[in-house]
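**Student:** Just passing along the structure, written as C-alpha cells.
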Amino acid sequence: MKTALVIIDAQKSLIDEGPWNAEHVLEQIAHLAASAREASAPVTFIRDRRVEPDGSLHPKLTAFAGDIQIEKSYSDSFLETDLIEQLQAKGVRRLVIAGLQTDYCIDTTCRRAASLGFEVVLVGDAHTTFNHEYLSAEQIVAHHNHILRRFPAGRGSVKVVESDNVVFK
C-alpha cells in the first residue's frame, strides 16, 4: 500500500508563537520527511493561507521539487483543495500525518482522511498545539493520541504510532 507523509501547518508564524514541544516536533517532522524521501514516498506540505504574518514553511523544513504543496482555508485539509486528487494520482492509500494544531487541523484531517477510506497513521510525537483555558497543550496532545489510537471509519482508520515506529511502504 503506497504511503505519503502529510505535514500540516508547519509554518513559521505558528511555530514562532511557541506551541508545546515545538523543537522536538520539528525534529521529528524533519526526520519523517527524510525517511519518506529515502523510501520514495510522496511528501505533502499543507499550509493554512490564513496564517500571518509569515505563512511560509518553517525554515527547519524544506520542500523539495516534486513534493505536493497544498494551501487550505479550513481545518480540513481536503475541503476545497485538490489534496485527494493529488494523492490518488500517486496511488496513495496510507497517510502518515504530522504537524499543527492537534485539536484543529490534525484531528479534522485525520478523521476526514479515514472517512475517505485512507489508512491514517498519526505520528504521536510529531504533532502539537497551544495551551488552552482548560487544558494544557500536553494534555490535548495526549488526549488526541488516546482517542485516535484505534479509530475505525468504514474502509479507513486512524492509528497512532511514535515516529521511531513509522515505516514508509
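The values are calculated or read from the model by the stated rules, or taken from the named source; none is laboratory data. Keep in mind the model is a prediction, meaning the values are calculated, not measured. Cβ sites come from the backbone with ideal geometry, for glycine too, and all protein chains shown count toward neighbours.
**Student:** Can we say Leu26 is in contact with a His (Cβ under 9 Å, 6 or more places away or on another chain) and more than 30 Å from Arg155 (Cα to Cα)? Spell out the reasoning first.
**Tutor:** Values: in contact with a His (Cβ under 9 Å, 6 or more places away or on another chain): yes; more than 30 Å from Arg155 (Cα to Cα): yes.
Yes; evaluated as a whole, the condition is true for this residue.
**Student:** Can you give me the number of residues within region 110-148 that are of a type outside the set (Asp, Glu) and under 14 Å from the mean Cα position of the chain (by Cα)?
**Tutor:** 19
**Student:** Any residue in region 26-41 that's farther than 16 Å from His127 by Cβ: show its pairings with residues that are exposed (fewer than 15 other Cβ atoms within 10 Å of the Cβ) and of a type in the set (Val, Ile, Thr) at Cβ separation under 9 Å, as long as the two are six or more apart or on different chains.
**Tutor:** Close Cβ pairs (under 9 Å, with a partner that is exposed (fewer than 15 other Cβ atoms within 10 Å of the Cβ) and of a type in the set (Val, Ile, Thr)) amount to Ser35/Val167; Ala39/Val167.
**Student:** Please go through region 18-61 and give me each residue that is at pLDDT below 95 and among the acidic types (Asp, Glu), ordered by number.
**Tutor:** Correct list: Glu52, Asp54.
**Student:** To continue, here is another question. Could you pull out the residue among Gly99, Gly124 that is under 16 Å from Asn165 (Cβ atoms) and either surrounded by 24 or more Cβ atoms within 10 Å (Cβ to Cβ) or at pLDDT 95 or above (or both)? If you could, list the steps in order and put the result at the bottom.
**Tutor:** On the way: Gly99 fails: under 16 Å from Asn165 (Cβ atoms).
Answer to the check: Gly124.
So that you can scan it fast, the table gives a plain yes or no per residue for (1) in contact with a strand residue (DSSP E or B) (Cβ under 9 Å, 6 or more places away or on another chain); (2) at negative phi:
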{"position": "Leu87", "(1), (2)": "yes, yes"}
{"position": "Leu95", "(1), (2)": "yes, yes"}
{"position": "Leu100", "(1), (2)": "yes, yes"}
{"position": "Gly117", "(1), (2)": "yes, no"}
{"position": "Val123", "(1), (2)": "yes, yes"}
{"position": "Ser136", "(1), (2)": "no, yes"}
{"position": "Ala153", "(1), (2)": "yes, yes"}
{"position": "Val161", "(1), (2)": "yes, yes"}
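**Student:** Still on this model: What do you reckon, is Pro53 in a loop (DSSP other than H, G, I, E, B) and either surrounded by fewer than 16 Cβ atoms within 10 Å (Cβ to Cβ) or out of contact with any helix residue (DSSP H, G or I) (no Cβ under 9 Å at 6 or more places or on another chain) (or both)?
**Tutor:** Values: in a loop (DSSP other than H, G, I, E, B): yes; either surrounded by fewer than 16 Cβ atoms within 10 Å (Cβ to Cβ) or out of contact with any helix residue (DSSP H, G or I) (no Cβ under 9 Å at 6 or more places or on another chain) (or both): yes.
Against the criterion (in a loop (DSSP other than H, G, I, E, B) and either surrounded by fewer than 16 Cβ atoms within 10 Å (Cβ to Cβ) or out of contact with any helix residue (DSSP H, G or I) (no Cβ under 9 Å at 6 or more places or on another chain) (or both)), Pro53 qualifies.
**Student:** In addition: Return yes when Phe151 is assigned to a strand (DSSP E or B) and either surrounded by 19 or more Cβ atoms within 10 Å (Cβ to Cβ) or more than 13 Å from the chain's Cα centre (by Cα) (or both) and no when it is not.
**Tutor:** On the way: assigned to a strand (DSSP E or B): yes; either surrounded by 19 or more Cβ atoms within 10 Å (Cβ to Cβ) or more than 13 Å from the chain's Cα centre (by Cα) (or both): yes.
Yes, satisfied.
**Student:** Sticking with this one: When the residues of region 134-148 are narrowed to those that are in contact (Cβ under 8 Å) with a residue 24 or more places away in the chain and of a type in the set (A, V, I, L, M), which ends up surrounded by the most Cβ atoms within 10 Å (Cβ to Cβ)? Don't jump to the end; show me each part of the working.
**Tutor:** Residues of region 134-148 in contact (Cβ under 8 Å) with a residue 24 or more places away in the chain: 136-138, 140-141, 144, 148.
Imposing the further condition that a residue be of a type in the set (A, V, I, L, M) reduces the set to 137, 140-141, 148.
Details: Ala137: 20, Ile140: 22, Val141: 24, Leu148: 22.
Selected residue: Val141.
**Student:** Only one of (1) touching a residue at least 12 places away in the same chain (Cβ under 8 Å); (2) surrounded by fewer than 17 Cβ atoms within 10 Å (Cβ to Cβ); (3) out of contact with any Leu (no Cβ under 9 Å at 6 or more places or on another chain) fails for Lys60. Which number is that?
**Tutor:** So Lys60 meets the others, but not (3).
**Student:** Within region 44-54, is there a residue that is touching a residue at least 24 places away in the same chain (Cβ under 8 Å), farther than 18 Å from Asp125 by Cα and among the aliphatic types (A, V, I, L, M)?
**Tutor:** Within region 44-54 (the criterion being touching a residue at least 24 places away in the same chain (Cβ under 8 Å), farther than 18 Å from Asp125 by Cα and among the aliphatic types (A, V, I, L, M)), the answer is yes, since at least one residue qualifies.
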